[in-house]
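*Asks:* Before we start, here is the structure in question, set down as structure tokens.
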Amino acid sequence: MPRHYDELVRENESLREQADESEDIRRRLRKSEDKIARLMDSLPGMAYRCTIGEGYTYSLEFVSRGSIDLLGYTPDDLVRGRKNTIERMTHPDDLERMRRDVLRGVLERTPYKTMYRVTMSSGEVKWIWDQGEAVYDEQGVAVGLEGIIMDVSAQKMQELRLQEENERLRSSVKGSCGLGEIVGKSEAMNNVYTLILKAAQSDTSVIILGETGTGKDLVARTIHELSGRPGKYVPVNCGAIPEQLLESEFFGHKKGAFSGAVDTRQGYLAAADGGTLFLDELGELSLGLQVKLLRAIETKQYIPVGETVPRRSDFRLVSATNRDLKEMVQQKTMRADFFYRVHVLAIHLPPVRARKEDIPLLIDSILSRKTGVENSAAMLPPGLRIALENYDWPGNIREMQNLLDRYVTFGEIDFLELSGKAPEVPLEADLREAGALTFDEAVARYEKALLLKALERNRWRKAETAQALGLNLRTMQRKIRQYGI
């Protein structure tokens, strides 16, 4: 027997041991890979891994079984030939953007996130969300991608429907007399409509600024309705709640938490969960409640009076005030941090006197709702209608509603004269005489009288007179010639 036989035997035994060890390692590796594959298969959507080739081309090497539900292909179908089947399915309009998003993440060594469309073999189009990150070798070279893809078609379709609805609303606003129940087609109101539509598309805090009676509650309700939030619209008049009950009203309270708390009661924040909390007269809130509300706005959590466990409310905040909040901050009656939290998107509602061209629309809308008759404003005596259209309306729309309500009920007008500029309403004799005229004759009579008084008041300066009457200069000059003034 050769002298070195024992050495060969020992060498063979060593090789067998290494082979057995390698086989064990391979077995454990396969078992680990099977566990990883099962984990990937259990994830929502589709997990994937691909290699990066020359020129940043990508080849699929692993796909989880979520590909069947997501794309309609088995993992073997997608990785066969090591091609990037997903890119082939990507909508042509989205392909370059998707590639840029992924490449930016690879080059900047950051996770990438991108949304794009894929076309199924059936022709169905899906929106998918793709997120992942690159894998780098020891030299720092990107060698692969690992990520997950999920179907977001439902969310994207909802977003597109909202965009289409907002576009439809924008188009309808341009050719109509308002937005929803809001009436007016002046330039000032069109600017308001643009901000309302913008506010409806986000969950940011909105502050509505304007004089008393300009319709801030209606604007807030319109924002809520257009936002599509499933919860309730909860209006709160901050100035009507006693100071000692403010915290309980907002946060709710536990039975027995204080004298008079005979039962457990939820507050405004709980009622507005998933909806909109509208705080009218925001400037009336105390500094102490501002602190607690600020915390609730930032964290969406609050603690009812008498309890210790925080509760959560996903409310959207819309506020309104007729006060100067910046001045309140300077006077230390409003916290600066609270101001910045509520004053994110500001909507300024113009007073009625700044949108005189809307007054006829407002009058007709109010009277139509009260009488049920369309164009019921035409039933007003001509002189009275002219007086209403040239009144300053210091109480704004609320004053107009009250005044027209009295007119429908009692057949009389009683201007409040809050501004000291009540219009000259025709006497009863003038009204009786106007009733004997034709409609056009009565309108002409009062238009001429109104024009003469306006010219006298402005010392016959035509440009100033036209501006005061809300007319363009050419229209006023035509009426001067028409009436022989």
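*Asks:* Trypsin sites (Lys or Arg not before Pro), restricted to region 57-135: which are DSSP loop and have at most 16 other Cβ atoms within 10 Å? Mind showing how you got there, number by number?
*Replies:* Numbers: sites: Arg65, Arg80, Arg82, Lys83, Arg88, Arg97, Arg99, Arg100, Arg104, Arg109, Lys113, Arg117, Lys126; in loops: Arg65, Lys83, Arg109.
Taking region 57-135 and a limit of 16 other Cβ atoms within 10 Å, the loop trypsin sites (Lys or Arg not before Pro) found are Lys83, Arg109.
*Asks:* Moving on. So which GluC sites (Glu not before Pro) in region 41-122 are both in a DSSP loop and have at most 16 other Cβ atoms within 10 Å of their Cβ? Intermediate values should be presented prior to the final figure.
*Replies:* Working: sites: Glu54, Glu61, Glu87, Glu96, Glu108; in loops: Glu54.
Loop-located and lightly packed - Glu54.
*Asks:* What is the set of long-range amide H partners of Thr276 at a cut-off below 5 Å, with H atoms built 1.01 Å from backbone N?
*Replies:* Lys232, Tyr233, Val234, Arg316
*Asks:* Skipping prolines and chain starts, which residues have an amide H placed within reach, meaning under 5 Å, of the one on Val305, given they are 5 or more residues away or on another chain?
*Replies:* Gly252, His253, Lys254
*Asks:* While we're on this one: Could you derive backbone 3J(HN,Hα) for region 146-153 from the dihedral phi with the Karplus parameters 6.51, -1.76 and 1.60 (θ = phi - 60°), listing whole Hz in sequence and x where the residue is Gly or Pro?
*Replies:* In residue order, the calculated couplings are 10, x, 9, 10, 10, 7, 10, 4 Hz.
*Asks:* Can you give me the C-alpha center-to-center distance between region 249-315 and region 96-141, rounded to a whole angstrom?
*Replies:* Comparing the Cα centres of region 249-315 and region 96-141, I get a distance of 44 Å.
*Asks:* So how do 212-223, 193-204 stack up, highest first, on mean other-Cβ count within 10 Å?
*Replies:* Details: 212-223: 21.6, 193-204: 17.2.
With the highest mean Cβ count within 10 Å placed first, the list reads 212-223, 193-204.
*Asks:* Would you pull out the residues with amide H under 5 Å of His91's amide H, same chain only if 5 or more places away, H placed 1.01 Å from N?
*Replies:* Arg117, Val118, Thr119
*Asks:* Computing the accessible area with a 1.4 Å probe over protein heavy atoms, can you report the carbon and sulfur percentage for region 280-350? Working shown, then result.
*Replies:* Details: 1750 of 3670 Å².
So the carbon and sulfur contribution to the accessible surface is 48 percent.
The values are calculated or read from the model by the stated rules, or taken from the named source; none is laboratory data. Here the structure is a predicted model, which is why all the values come from computation and not from measurement. Every residue, glycine as well, gets a Cβ built from its backbone with ideal geometry; the counts of neighbours run over all protein chains shown. The protein model used for the area step is the full one, side chains on, heavy atoms only, and it has no ligands, DNA or RNA in it. Shrake-Rupley method; radii C 1.70, N 1.55, O 1.52, S 1.80 Å.
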